[in-house]
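Written out below as structure tokens is the structure these notes cover.
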Amino acid sequence: MRIITWGAPGLGVALAEQLSLPHIRRVEEVRTDDFVLDGAPRDLGEARALDAMLRGRAAEVDAVLVHGEAPEAVLEHYFGRVIELPAEDALAAALDALREVLLAA
């Protein structure tokens, strides 16, 4: 899975550990097909660069999990893959949301 997380301190790390995926903090660090990208892309240019990199691997971002604030342009760019997480227990909500994404695929 290719997952972007925004807004919940520690969510990206916890989610990566739960799913046994690499935890990444910058778009430039994406080296594998499956990852949790925490707090990036930071703007539309980085989102487009990430998409181009993934298209080269015949892949795309599966889900953008948002807990609080995230750049509006990035959210609009990934419209349809953005999942708003509740204020409480963001990790459990994220795992539930990802189960739904996988079932829908």
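Please go through segment 54-75 and pick out each residue that is without any contact (Cβ under 8 Å) to a residue 24 or more places away in the chain and aliphatic (A, V, I, L, M).
A58, L75
I'm trying to understand the selection: among the residues of segment 1-12, which are touching a residue at least 24 places away in the same chain (Cβ under 8 Å) and either in contact with a Phe, Trp or Tyr (Cβ under 6 Å, 6 or more places away or on another chain) or not hydroxyl-bearing (S, T, Y) (or both)?
Passing the criteria: M1, R2, I3, I4, W6, G7, A8, L11, G12.
Inside segment 73-89, can you point out the residues that are over 14 Å from the mean Cα position of the chain (by Cα) and in a loop (DSSP other than H, G, I, E, B)?
P86, A87, E88, D89
Return the pair list, or none, for Cβ contacts closer than 7 Å from residues in segment 13-40 that are within 13 Å of L65 (Cα to Cα) and in contact (Cβ under 8 Å) with a residue 24 or more places away in the chain to residues that are outside any helix (DSSP H, G or I) and among the aromatic types (F, W, Y), at least 6 apart or on different chains.
Listed by first residue and then by second, the contacts come to G39/W6.
Are any residues in segment 7-57 part of a loop (DSSP other than H, G, I, E, B), touching a helix residue (DSSP H, G or I) at 6+ places or on another chain (Cβ under 7 Å) and farther than 25 Å from A87 by Cβ, and if so, which ones?
P22, V30, D43
Being assigned to a helix (DSSP H, G or I), modelled with pLDDT under 90 and within 13 Å of the chain's Cα centre (by Cα) narrows it down to one of A92, A97, so name that one.
That would be A97, the only listed residue that is assigned to a helix (DSSP H, G or I), modelled with pLDDT under 90 and within 13 Å of the chain's Cα centre (by Cα).
Yes or no, residue by residue, for (1) closer than 25 Å to A104 by Cα; (2) β-branched (V, I, T); (3) at pLDDT 90 or above:
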| position | (1), (2), (3) |
| --- | --- |
| G10 | no, no, no |
| L15 | yes, no, yes |
| R31 | no, no, no |
| D34 | yes, no, yes |
| R42 | no, no, yes |
| A49 | no, no, yes |
| D62 | yes, no, yes |
| V74 | yes, yes, yes |
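The values are calculated or read from the model by the stated rules, or taken from the named source; none is laboratory data. Computed from a predicted structure; not experimentally measured. Backbone-built Cβ (ideal geometry, glycine too); neighbour counts: all protein chains shown.
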